[in-house]
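Values quoted throughout were computed directly from the atomic coordinates according to the rules given, and no laboratory measurement underlies them. Please read all numbers here as calculations on a predicted model, not as lab measurements. A quick note on method: Cβ atoms are made from the backbone with ideal geometry, for glycine too, and the neighbour counts reach across all protein chains shown.
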Amino acid sequence: MNDIIYFDNAATTRVRPEVVNVMSEYFSESYGNPSSIYKIAQENKTAVEKGREQVAKAINAEKNEIYFTAGGSEADNWAIKGIAECYSDKGKHIITLSIEHHAVLHTCQYLESKGFEVTYLPVNEFGLVEIKELKKAIRDDTILISVMFANNEIGSVQPIKEIGSLAREKGIIFHTDAVQAVGHIPIDVKDMNIDLLSMSAHKFYGPKGIGALYIRKGIKIKPLIHGGAQERNRRAGTENVPGIIGMGLALELITSELSEEENRLIYLRDKLIDGILNNIPYSRLNGDRENRLPGNVNISFEFIEGESILLMLDMKGICASSGSACTSGSLDPSHVLLAIGLPHEKAHGSLRLTLGMFNTEDEVDYIIKELPPIISRLRNMSPLYEEVVKNKKC
Ligand SMILES: *Cc1c(COP(=O)(O)O)cnc(C)c1O
């Protein structure tokens, strides 16, 4: 087993060795600017177009519908601001979810300060949006629906195809933040009626700082980054050539392994969920059991702080994450856990373990063994727990 056991694949992933390998050539040998005319520049232009082809194929898009960005946050910002600005004559109303990533939520809040109106739809206790709520929220002046494909904290996978057909039927543009979904579950932008889709390479074993926005042919959008004519005049800036090449290969590889890897992760995920829930009292699974990302486990433990679980896991070499206050830098626990109806104290005691292609069954067995004593040690120090146990006795 590795010295470090990495269960935080929703935060970022390790870059696969094949990807590091192909990227390295483009730093020190083929380093030309793709806009130049000599050989090492033109080679790069070809390589960038190959990356675009690989990305397009993975989501069943056309090659010229893919625009590279500096990651998922930029793609989300661009999609939402670019559509809002372009279609504001038609209306100023946007619909999104209360559980979106901050790249979407803070962009929407910014647009509110510029005179747009945003509806933040609630989700049910499993973190899923109800189609009837979405239908009710649609107005004549709604120009954009932005609903994440899968949630980064609790792994809930939204009914994207149904939302896509509803939006298409009503003539409303549909964007999805698919940063957690691309490379993890099958996506077909045509079949799902998706107009814009954000993705990020470092969430599927590619490099950080490179992502893409899929923009369906015929959709108008204002640029976010102004400057040169790169990306067919829509996104200025010299192309991140090594990043694009790494992203293309990473996505091609994981897509070819997808169904097998999905099944493997679902098996590990379910073993981990059951192993924790069956061995630790006062614990509950957050998110939906069925409509769930293959690698996502999110569990709340009553009477303790997620933060202290993370510190104890770190001493065992286990990397994980929580929805508690301190990690997010604010006093409130995760907006996602609050949105599914968890009271503050339960939201504070949450632990997120996200599995990926490098995790093994041995690692899952290891954490199933290590976690229960950690939780009981922390509970034994908790005055809240003592009170509950005492009350039980009398
Ligand atoms: C990671 C993440 C982002 C941000 O992507 P970056 O490439 O890190 O900017 C956006 N949305 C979701 C759902 C994410 O998980």
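Which order results if 214, 110 are arranged by neighbouring Cβ count within 10 Å, fewest first? Don't jump to the answer; show the numbers that get you there.
Details: 214 28, 110 14.
Starting with the residue having the fewest Cβ neighbours, the order is 110, 214.
Report, in debye and to the nearest 20, how large the dipole of segment 117-214 comes out about its Cα centre when Lys and Arg carry +1 and Asp and Glu carry -1 on their Cβ.
Working: 10 positive and 13 negative charges, 38 e Å.
Using Cβ point charges on Lys, Arg, Asp and Glu, segment 117-214 gives about 180 debye.
Beta carbons within 10 angstrom, averaged per residue: use that to sort the peptides 226-232, 117-123, 176-182, highest first. It would help to have the intermediate numbers written out before the result.
Numbers: 226-232: 12.4, 117-123: 17.7, 176-182: 28.0.
Going by the mean number of other Cβ atoms within 10 Å, highest first, we get 176-182, 117-123, 226-232.
State log₁₀ I(q)/I(0) for segment 1-102 at q = 0.17 Å⁻¹ as given by the Debye formula over alpha-carbon point scatterers of equal weight, solvent excluded.
-1.09
What is the percent of Cα-Cα separations in the chain that go past 32 Å?
Of all Cα-Cα pairs in the chain, 38 percent lie more than 32 Å apart.
Using only DSSP helix segments of four residues or longer, with each worth -39500 (n - 2.57), what per-residue ellipticity at 222 nm results for the chain after dividing by its residue count and rounding to 500? Could the numbers behind the result be given before it?
Details: 15 runs with 174 residues, N = 394.
Helix-only estimate at 222 nm: -13500 deg cm²/dmol.
I'm a student and want to see the number: the projected area of the Cα convex hull of segment 249-394, averaged over all directions, in nm².
On the way: hull surface 40.6 nm².
Mean projected area for segment 249-394: 10.1 nm², to one decimal.
Over the Cα atoms of segment 191-258, how large are the radius of gyration and the largest Cα-Cα distance (Dmax), in Å?
Cα radius of gyration and Dmax of segment 191-258 are 13.4, 38 Å respectively.
Going by how many other Cβ atoms sit within 10 Å of their own, how do 86, 108 line up, fewest first? It would help to have the intermediate numbers written out before the result.
Details: 86 16, 108 23.
The fewest-first ordering by Cβ neighbours comes to 86, 108.
Neighbour counts of other C-beta atoms within 10 Å: give me 126, 301 arranged from fewest to most. Present the calculation step by step, with values, prior to reporting the outcome.
Working: 126 17, 301 24.
Ordered from fewest to most neighbouring Cβ atoms within 10 Å, 126, 301 come out as 126, 301.
Just the number, please: Stokes-Einstein D of segment 196-307 in µm²/s, Kirkwood Rh from C-alpha pairs, 20 °C, 1.002 mPa s. Don't jump to the answer; show the numbers that get you there.
Working: Rh = 17.6 Å.
Answer from the Stokes-Einstein relation: 122 µm²/s.
Considering the dipole of the chain built from charges on the beta carbon (Lys and Arg +1, Asp and Glu -1) around the Cα centre, which of 258, 308, 228 is farthest to its positive end?
The residue sitting farthest along the positive end of the dipole is 228.
Using +1 at the C-beta of Lys and Arg and -1 at the C-beta of Asp and Glu, which of 317, 149, 354 has the Cα lying farthest in the positive direction of the dipole of the chain?
Towards the positive end, the residue furthest out is 149.
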